[in-house]
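Student: Mind having a look at this structure? Questions to follow.
The values are calculated or read from the model by the stated rules, or taken from the named source; none is laboratory data. Note that the structure is predicted; figures quoted are calculated from it, not measured. Every residue, glycine among them, receives a Cβ derived from its backbone with ideal geometry; neighbour counts consider all protein chains shown. What goes into the accessible areas is simple: the full protein's heavy atoms, side chains included, and nothing from ligands, DNA or RNA. Shrake-Rupley method; radii C 1.70, N 1.55, O 1.52, S 1.80 Å.
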Amino acid sequence: MITVEKLEKHFGKLHVLRGVDQHISQGEKVVVIGPSGSGKTTFLRCLNLLERPTGGRILFEGVDITDPKCDINRIRRKMGMVFQQFNLFPHLNILKNITLAPVQLKLMSQQEAEENAMRLLKRVGLSEKATVFPRQLSGGQQQRIAIVRALAMNPDVMLFDEPTSALDPEMVGEVLDVMKQLAEDGMTMVVVTHEMGFAREVGDRVLFMDEGLVVEEGTPAEIFEHPQQQRTRDFLQKVLK
Amino acid sequence: MLIATALAENIAGNASFLENWWNAVSPKLMDGTANFWETIYGEIYRNVIMEGRWLNYLKGLGVTLEVSFLAALVGVILGTVLALMKLSRTPWLSKPAGAYIHLIRSTPLLLQVLIINFGIFASVNVDKIIIGVIACGLNSAAYVAELIRGGIQSVDKGQTEAGRSLGLNGWQTMRLIVLPQAIKTALPSLCNEFIVLIKETSVLAYIALTDLTKAADYIRSRTFSPFTSYIVSALLYLAVISIFTKLVGKLERRLRRSDNR
């Protein structure tokens, strides 16, 4: 579904991605872990071109999205993204947050979009919040809404950028539960996270990134039980304690 | 209260009481035997009621409001366009916008008015109100542009990213997500800019537009009262801006609805 070839990203002199090759298949759940500054968030943001790569190619469903002629807005409809800081639109109520893009892009009528939104809100247990504004909700609720907003576009893949890092500890669970449910439904997911429990439980494949490269990858069992690289062992030792 | 009562009576065509009072008091004012209150009321009578002068104020106020409103409209629309141009990554959009804003902010409004009136519209017969709207609108746009630009830049980058990640294009994201938040942030300063504009239109007296200030000046030239007509027009400015401030306060409270926690 997504093929990444020799992906490179420079921020000025900073060489953040030093040639990443990856293939993500339909229905696969890929979890990206690694120390901060390892390039994992940049890698994720390159996948929908929020960051433009400075080298290499990204193919999405057979289309080279790094080609300047590619209509990235059309591609992004099929790639949902969830941010660390939720990024709900504070001036719109929850229902408008969810229906804005599908209606503006003429994918659905207002009524269809609202019905779809209500169905999704019900799934995450927040249907009674349809008419409130984002700042009236807790962080966990906001992030669940953000997931719904991305799902309302019927994406083929969901990208998660540290979705629980900005949450109070007691709210992490409710967001992870929604993500697990999504995984069970067969959604293709790429998740950058510090939640090792989630990585182990949900991930089909775990990528350990450091200094702009995928240092080691494998099933959760391989990575967490038998890491081959010294850097992986050091990192896991620090985070798992 | 006296002014209001007097106006009401005048409008009703029943000015006999006031006229009688004036006929009794005016000789005393002439020879300096009038008491304090008679002097004050006499001034008000001569500068507001006599010869229907209150109509001059109201007409002047009407012109001031008309020019200010239309100039504010020009200012907000053009100012938003300028702000978007200045923030553009394309140099041939951002450079001219920056230059325009700099030019307007670095020269006096009065000079701009004179240049537009006697330079650009010298040989054409255009309504002074239109010239006033153009001059004040072009001027206000430069200030509004900076306020909107500040508002746009205060909106978190994540908002743009969220919009773009949903497949909205740059303009849709700006129009539906960033600008509404930017304008809400800029609203108190925009309100301030409009208040300044209402008062600054008084420079249009220089091109013989009879606004509220010019009307007061005209009345002074007829009555020779040192400042009464000016005080009256000052009170009218105060009243208008008080009402406007109240309305904006209401609007801001409504917009803050979404901030409730």
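Student: Out of everything in the range A:65-99 that is open to solvent by less than 10 Å² (accessible area, probe 1.4 Å), without any contact (Cβ under 8 Å) to a residue 60 or more places away in the chain and more than 8 Å from chain B (Cβ to nearest Cβ), what residue ends up being farthest from A:SER138 (Cα to Cα)?
Tutor: Applying the filter and picking the extreme gives A:ILE65.
Student: I'd like the full set of residues that are surrounded by fewer than 22 Cβ atoms within 10 Å (Cβ to Cβ) and among the aromatic types (Phe, Trp, Tyr), limited to the range A:117-165.
Tutor: If the condition is that a residue be surrounded by fewer than 22 Cβ atoms within 10 Å (Cβ to Cβ) and among the aromatic types (Phe, Trp, Tyr), then A:PHE133 is the only one that fits.
Student: Okay, next question. If the requirement is being within 22 Å of B:SER68 (Cβ to Cβ), hydrophobic (A, V, I, L, M, F, W, C) and touching an Asp or Glu at 6+ places or on another chain (Cβ under 7 Å), which of these qualifies: B:LEU209, B:LEU187? It would help to see each step written out before you state the result.
Tutor: Numbers: B:LEU209 fails: touching an Asp or Glu at 6+ places or on another chain (Cβ under 7 Å).
None of the others qualify; the one that does is B:LEU187.
Student: Residue under question is B:GLN181, and the condition is that it be under 18 Å from A:LYS96 (Cβ atoms), open to solvent by 20 Å² or more (accessible area, probe 1.4 Å) and touching a residue at least 12 places away in the same chain (Cβ under 8 Å); does it hold? I'd like the intermediate steps shown before the answer.
Tutor: On the way: under 18 Å from A:LYS96 (Cβ atoms): yes; open to solvent by 20 Å² or more (accessible area, probe 1.4 Å): yes; touching a residue at least 12 places away in the same chain (Cβ under 8 Å): yes.
Here the answer is yes, as B:GLN181 does meet what is asked.
Student: Hey, another quick one. Scan the range B:194-214 for residues that are assigned to a helix (DSSP H, G or I), aliphatic (A, V, I, L, M) and either in contact with a Lys or Arg (Cβ under 9 Å, 6 or more places away or on another chain) or touching a residue at least 60 places away in the same chain (Cβ under 8 Å) (or both) and jot them down. Even if it seems obvious, please write down each step before you answer.
Tutor: Restricting attention to the range B:194-214, the residues satisfying the condition of being assigned to a helix (DSSP H, G or I) are B:194-207, B:212-214.
From what's left, aliphatic (A, V, I, L, M): B:195-198, B:203-205, B:207, B:212.
Hits for the range B:194-214 are B:LEU197, B:ILE198, B:VAL203, B:LEU204, B:ALA205, B:ILE207, B:LEU212.
Student: If you take the residues in the range A:13-37 that are of a type in the set (Gly, Ala, Ser) and closer than 17 Å to A:GLY203 by Cβ, which one is least open to solvent (accessible area, probe 1.4 Å)? Can you show your working first?
Tutor: Pass one, the range A:13-37, residues of a type in the set (Gly, Ala, Ser): A:19, A:25, A:27, A:34, A:36-37.
Next cut, closer than 17 Å to A:GLY203 by Cβ only: A:25, A:27, A:34.
Numbers: A:SER25: 48, A:GLY27: 23, A:GLY34: 0 Å².
Going through the qualifying residues, I end up with A:GLY34.
Student: On to the next question. Considering (1) within 12 Å of another protein chain (Cβ to nearest Cβ); (2) buried (at least 16 other Cβ atoms within 10 Å of the Cβ), say which one A:LYS106 fails and leave the rest.
Tutor: All conditions are met except number (2).
Student: Restrict the check to the range B:15-38 and report whether at least one residue is surrounded by fewer than 18 Cβ atoms within 10 Å (Cβ to Cβ), hydroxyl-bearing (Ser, Thr, Tyr) and in a helix (DSSP H, G or I).
Tutor: Looking through the range B:15-38, at least one residue is surrounded by fewer than 18 Cβ atoms within 10 Å (Cβ to Cβ), hydroxyl-bearing (Ser, Thr, Tyr) and in a helix (DSSP H, G or I).
Student: For the range B:103-129, give me each residue that is farther than 23 Å from B:ASN192 by Cα, within 21 Å of the chain's Cα centre (by Cα) and assigned to a helix (DSSP H, G or I).
Tutor: Scanning the range B:103-129 gives B:LEU114, B:ILE115, B:ILE116, B:ASN117, B:LYS128.
Student: In addition: Mind listing whichever residues of the range B:215-261 are assigned to a loop (DSSP other than H, G, I, E, B) and either within 14 Å of chain A (Cβ to nearest Cβ) or in contact (Cβ under 8 Å) with a residue 60 or more places away in the chain (or both)?
Tutor: To start, the set of residues in the range B:215-261 that are assigned to a loop (DSSP other than H, G, I, E, B) comprises B:224-227, B:260-261.
Of everything in the range B:215-261, those that are assigned to a loop (DSSP other than H, G, I, E, B) and either within 14 Å of chain A (Cβ to nearest Cβ) or in contact (Cβ under 8 Å) with a residue 60 or more places away in the chain (or both) turn out to be B:SER225, B:ASN260, B:ARG261.
Student: Residues to consider are B:LEU114, B:LEU93; find the one that is open to solvent by less than 70 Å² (accessible area, probe 1.4 Å) and under 30 Å from A:CYS70 (Cα atoms). Can you show your working first?
Tutor: Values: B:LEU114 fails: under 30 Å from A:CYS70 (Cα atoms).
Just one listed residue meets the conditions, B:LEU93.
Student: Checking A:VAL214 against (1) closer than 23 Å to A:LYS180 by Cα; (2) in contact (Cβ under 8 Å) with a residue 60 or more places away in the chain, which single condition isn't satisfied?
Tutor: Among (1) closer than 23 Å to A:LYS180 by Cα; (2) in contact (Cβ under 8 Å) with a residue 60 or more places away in the chain, A:VAL214 violates only (1).
Student: Still on this structure, I have one more. If you check B:THR201 against the conditions, is it buried (at least 17 other Cβ atoms within 10 Å of the Cβ), within 14 Å of chain A (Cβ to nearest Cβ) and of a type in the set (S, T, N, Q)? Break it down into steps so the answer makes sense when it comes.
Tutor: Working: buried (at least 17 other Cβ atoms within 10 Å of the Cβ): yes; within 14 Å of chain A (Cβ to nearest Cβ): no; of a type in the set (S, T, N, Q): yes.
So B:THR201 fails the test.
Student: Which of the residues that make up the range B:166-178 are at the interface with another protein chain (Cβ under 7 Å from one of its Cβ atoms) and either outside any helix (DSSP H, G or I) or buried (at least 21 other Cβ atoms within 10 Å of the Cβ) (or both)? Explain how you work it out, then say what you get.
Tutor: Filtering the range B:166-178 for residues at the interface with another protein chain (Cβ under 7 Å from one of its Cβ atoms) gives B:166-169, B:172, B:176-177.
Result: B:LEU166, B:GLY167, B:LEU168, B:ASN169, B:ILE177.
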